[in-house]
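Structure first, commentary second.
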Amino acid sequence: GVSQIGRVFDAEVAILLPKGEHLGRQPHMASTFGVDDKDFAVAAWVFEHGKRAGRNTSTLSQASAQFLPLQTPSRIVGVIGIRTRKPGQLNFDQEQLLETFVNQIGLVIERELLDEAAEQSLMHRESERLYAALLNSISHELRTPIATITGAAGLLATQADGDRRVRAELVRSIQSAASRLNRLVANLLDMSRLDAGRVKLKLDWCDVGEVIGVAAQRVEDCLLHRPITIDVPPDLPLVQMDFALMEQVLVNLLDNACNYSPAAAPIGIEAFVDESRLVITVTDGG
């Protein structure tokens, strides 16, 4: 639209689109002239009132360009500014042609906005579906450590004078379940922060072997009775990453491997460089 209007009318053209309920301050990147504060005030008036204003009009004529509303039958979807290089007004035929251009551009922008709204609605419905599935899954995940803690604590209460080894085993079960419960709650909090866009990466140069080692140590209780292999070449370069978040990724993968593969199945962790990428893999036996 900018290119065609600029060529046909020998003019510079700027298009401003709305942001929320108000007109955006910055012209679209295709625009061929900048909009200063005085011109933007005129454009904002046009967006609010749905009438042309600015140069060669009777309203706010001090502007450097004429601004017209990009109007559709249902709403105003933006404002277009026309700054002709030749002085004087457009003739009747030119005005009619410009009106046709403006109407067509408005209709196309509205179609794009409707497509975007439909896509957002689809994403929202999918998000709601995933939220329900996640809630069901989390509810199940939370019950397991809570049941373990409750059961072990009940047995511990009846074992006041019981076997020391039995009491120690019950205490370990409670500690392990509490640690798992803590991880689940931490993951829920992290997910809410991600969803709200409040997570900022803290990038540092990290030793991959150290990240893997710390993650494995955090889930050592569930790895006690499994064969585990860690293959990290000593010459791996340092990699820029968020240590805490990458550690959490590995903890989640290892936790899943422990909970959803056979009890004695081996678990392997490997890190290597593939061309210009660092690859970390977690594999299990099921």
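The values are calculated or read from the model by the stated rules, or taken from the named source; none is laboratory data. Values in this document were obtained by computation on a predicted structure and should not be read as measured data. Here the Cβ is made from the backbone with ideal geometry for all residues, glycine too, and neighbour counts use every protein chain on show. Note: areas computed on protein heavy atoms with side chains; ligands, DNA, RNA excluded. Shrake-Rupley method; radii C 1.70, N 1.55, O 1.52, S 1.80 Å.
Just the residues that are closer than 19 Å to residue 75 by Cβ and open to solvent by less than 80 Å² (accessible area, probe 1.4 Å), please, taken from the range 112-129.
Correct list: 113, 117, 118, 121.
If you take the residues of the range 194-250 that are acidic (Asp, Glu), open to solvent by 30 Å² or more (accessible area, probe 1.4 Å) and not in a loop (DSSP other than H, G, I, E, B), which of them is farthest from residue 272 (Cα to Cα)? Don't jump to the end; show me each part of the working.
Just the residues of the range 194-250 that are acidic (Asp, Glu), to begin with: 195, 204, 207, 210, 220-221, 231, 235, 242, 247.
Narrowing further to those that are open to solvent by 30 Å² or more (accessible area, probe 1.4 Å): 195, 204, 207, 210, 220-221, 231, 235.
The next check asks that each one be not in a loop (DSSP other than H, G, I, E, B); those that pass are 195, 204, 210, 220-221, 231.
Numbers: 195: 31, 204: 19, 210: 14, 220: 23, 221: 26, 231: 9 Å.
That would be 195.
Identify, please: which residue in the range 44-80 is aromatic (Phe, Trp, Tyr) and either touching a residue at least 24 places away in the same chain (Cβ under 8 Å) or within 21 Å of residue 11 (Cα to Cα) (or both) and is, among those, most open to solvent (accessible area, probe 1.4 Å)? Step through it out loud before you land on a result.
We begin by selecting, within the range 44-80, every residue aromatic (Phe, Trp, Tyr); these are 45, 47, 67.
Subsequent filtering for residues that are either touching a residue at least 24 places away in the same chain (Cβ under 8 Å) or within 21 Å of residue 11 (Cα to Cα) (or both) retains 47, 67.
Working: 47: 36, 67: 0 Å².
Checked the range 44-80; the qualifying residue most open to solvent (accessible area, probe 1.4 Å) is 47.
Say whether the condition of being surrounded by 13 or more Cβ atoms within 10 Å (Cβ to Cβ), in a helix (DSSP H, G or I), at pLDDT 90 or above and of a type in the set (Phe, Trp, Tyr) is met by at least one residue in the range 8-31.
Yes, that holds for at least one residue.
Would you check if residue 44 is part of a loop (DSSP other than H, G, I, E, B), at pLDDT 90 or above and over 21 Å from residue 90 (Cβ atoms)? Steps first, answer last, please.
On the way: part of a loop (DSSP other than H, G, I, E, B): no; at pLDDT 90 or above: yes; over 21 Å from residue 90 (Cβ atoms): yes.
No; evaluated as a whole, the condition is false for this residue.
From 261, 276, grab the single residue that is open to solvent by 40 Å² or more (accessible area, probe 1.4 Å) and either at negative phi or modelled with pLDDT of 85 or more (or both).
Details: 261 fails: open to solvent by 40 Å² or more (accessible area, probe 1.4 Å).
Exactly one residue qualifies, and that residue is 276.
Kindly indicate which of 177, 133, 157, 147 is without any contact (Cβ under 8 Å) to a residue 40 or more places away in the chain and more than 38 Å from the chain's Cα centre (by Cα).
Working: 177 fails: more than 38 Å from the chain's Cα centre (by Cα); 133 fails: more than 38 Å from the chain's Cα centre (by Cα); 147 fails: more than 38 Å from the chain's Cα centre (by Cα).
The unique qualifying residue is 157.
Is it fair to say residue 109 is in contact with a Gly (Cβ under 7 Å, 6 or more places away or on another chain) and surrounded by 11 or more Cβ atoms within 10 Å (Cβ to Cβ)? Let's see the steps before the verdict.
On the way: in contact with a Gly (Cβ under 7 Å, 6 or more places away or on another chain): yes; surrounded by 11 or more Cβ atoms within 10 Å (Cβ to Cβ): yes.
Judged against the criteria, residue 109 is a match.
Taking only the range 130-167 into account, find how many residues are surrounded by 10 or more Cβ atoms within 10 Å (Cβ to Cβ) and at pLDDT 80 or above.
Total satisfying the criteria: 17.
Tally the residues that are farther than 24 Å from residue 4 by Cβ and within 35 Å of the chain's Cα centre (by Cα), restricting the search to the range 41-69.
So the answer is 4.
For a quick check of your reading of the model, give me the residue pairs whose first member lies in the range 30-43 and is closer than 23 Å to residue 58 by Cα, whose second is of a type in the set (Val, Ile, Thr), with beta-carbon atoms closer than 8 Å and at least 6 apart or on different chains.
33/13; 43/35; 43/79
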